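I have placed the structure first, in the form of structure tokens, so that the comments after it can refer back to it.
The values are calculated or read from the model by the stated rules, or taken from the named source; none is laboratory data. What you are looking at is a predicted structure, and each value in this text was computed from that prediction instead of being measured. No Cβ is skipped: glycine too gets one built from the backbone with ideal geometry, and neighbour counts run over all protein chains shown. Keep in mind that these areas ignore ligands, DNA and RNA; they rest on the heavy atoms of the full protein, side chains included. Shrake-Rupley method; radii C 1.70, N 1.55, O 1.52, S 1.80 Å.
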Amino acid sequence: MIGLSVISLLLAALVLSLNTLAFALSPRSSSDEQLASGPFAVGEETRQAGKVRSRIDYQENTAYSVHYPYLDNEAADGAIAETVGSFIDAFLSDLADYRASSPQERAILTVDYESYRAGPVISVVFHTEISEPHMAHPFTGVETLVFDSRDGRRLGEKDFFQGDYRPALEQLVGDFLRASEEYREGAEDAAFLAEGFAQEEVFSRFALTAQGVRLYFPRYTLLPGAYGVPVVELSYDQLKPYLAWDQDELTGRESAKFLSGSLSPMGTSALVERVKTGRYVDPDKPMIALTFDDGPRPDVTGRILDRLGEVGGRATFFVLGNRAGSYPDTLAREYAEGHMVASHTYSHKSLPKCDEGEFAQQVQGADEAIGAVLPGQPKALRPPYGAYDDATREKTPHPLVMWSVDTLDWKSRNADAVIRAVRQNVRDGDIVLMHDIHPTTADACDTLIAELAKDYQLVTVEELYRAKGIPFEAGKVYFSARTVR
């Protein structure tokens, strides 16, 4: 299984030679910068194919946040689903005996991706990270899948390279590393490089772009671990004698069979312009703030928006930045209908576990992704897993919003259980936590929203605190109208 091989490779890193370990732990500005960018520093320019789908789950001792592209091709999507499942299965199996002392100490798997188009070829690059409190550094890994968009057939190394290509690749990759300011010093160990090149699958992780081939090497394969996952870019001209494909076909701008979805005929800008005005919240009447994490997911979010619209209610949607570009119409509808669109970070990483570069990418990256669809940027942030510390409070330029009623909809996946959780616990001033990626949550809202609207004003988080006369500002953590820290 691909996931198992990734975990095994990462675990093998722990038993490398003392010399290699010493080198990896030595201070290095260039490698620190490389690691700080993180494996998840991806943006819309690296999402050229497919719409984002996510599998997010929380358990007592573990949690995972896995993002992958949906390409609308049965064969390709089946291979992607199998790979994603292998990541999760391997993670849960390897951490089966792990026990977290608190929810903040969960072991966490995060998977994000890049996707590229090169003529009819679609490449998907998965970046994996496993974080566990007792690890000095997270385990990081990389896997790639490459498809022919015309039939969804998976393509491998030998589909693109021909002849005696391996010595040529070794030379080109070695030259790239030795010439790179980022990797140069690590590439000085010729024996380390030779050992990596001797591995049968050393060139099996690659992606094709319109400009050339990107080769990805798991940590410790060619360079010491301090250099993370090296990425080597080679142009088609450099590879021309060894390419099995016609270069013009790969660099052409013809449409692939499956691409990212386009906006509706109405257009996102037109939806945004329909934003509702004239909203009044009576401070003397009971109110609650319904909040939804991890979306948008059009089929689920759309149903919840329908129910809110029927009663004139508002809610707050804490969206993931990496989903904003895939579902701009749903995001725009949330905004247009008067709801609050806030941030849940870019790809659902635990903020206290992020270094400076990752933190900025998670927070600022989400703001920019959402801001690219809607006017302005989010005015609040909900930290993934509810995890925050003093540094998170100080560095986040938004109020941190938690909750006072947890429906546990992610756990039960049962509409009746969600309804009971709210009925038994909600009162004036509460913030209710749900997730608009589960159809069962939409099922619950079919009943719940109409029922709640009889006794409460359904308001956004911002409206809640404005009506209660409580300042809503960065550096503070908001649990309900009764509890602010």
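A few remarks follow.
- Selected residue (only one of Leu193, Leu145 is under 31 Å from the mean Cα position of the chain (by Cα) and either within 21 Å of Gln238 (Cα to Cα) or in contact (Cβ under 8 Å) with a residue 12 or more places away in the chain (or both)): Leu145
- Complete set of residues in region 214-251 that are in a strand (DSSP E or B) and either touching a residue at least 60 places away in the same chain (Cβ under 8 Å) or among the β-branched types (Val, Ile, Thr) (or both): Arg214, Tyr216, Val231, Val232, Leu234, Leu243
- Condition check for Ala342: part of a helix (DSSP H, G or I) and not hydroxyl-bearing (Ser, Thr, Tyr): no
- Those residues of region 452-476 which are assigned to a loop (DSSP other than H, G, I, E, B), β-branched (Val, Ile, Thr) and surrounded by 16 or more Cβ atoms within 10 Å (Cβ to Cβ), in sequence order: Thr460
- Among residues of region 419-440 that are over 18 Å from Glu463 (Cβ atoms) and in contact (Cβ under 8 Å) with a residue 60 or more places away in the chain, those with a beta-carbon under 6 Å from a residue that is assigned to a helix (DSSP H, G or I) and open to solvent by 20 Å² or more (accessible area, probe 1.4 Å) at least six positions away or on a different chain give the pairs His435/Trp410.
- Residues satisfying the criterion are present in region 347-365 (criterion: basic (Lys, Arg), closer than 19 Å to Pro138 by Cα and open to solvent by 20 Å² or more (accessible area, probe 1.4 Å)).
- Only listed residue being in contact (Cβ under 8 Å) with a residue 24 or more places away in the chain and within 14 Å of Val231 (Cβ to Cβ), chosen from Ala168, Ala210, Ala187: Ala187
- Single condition Ala372 does not satisfy, out of (1) at pLDDT 95 or above; (2) among the hydrophobic types (A, V, I, L, M, F, W, C); (3) closer than 30 Å to Val281 by Cα: (1)
- Among (1) aromatic (Phe, Trp, Tyr); (2) modelled with pLDDT of 95 or more; (3) part of a loop (DSSP other than H, G, I, E, B), the one test that Phe292 misses: (3)
- Counting only helices (runs of 4 or more DSSP H) that sit wholly inside region 388-446, those with at least 1 residues that are more than 24 Å from Val484 (Cβ to Cβ) and either open to solvent by 60 Å² or more (accessible area, probe 1.4 Å) or in contact with a helix residue (DSSP H, G or I) (Cβ under 8 Å, 6 or more places away or on another chain) (or both) are 409-412, 415-425.
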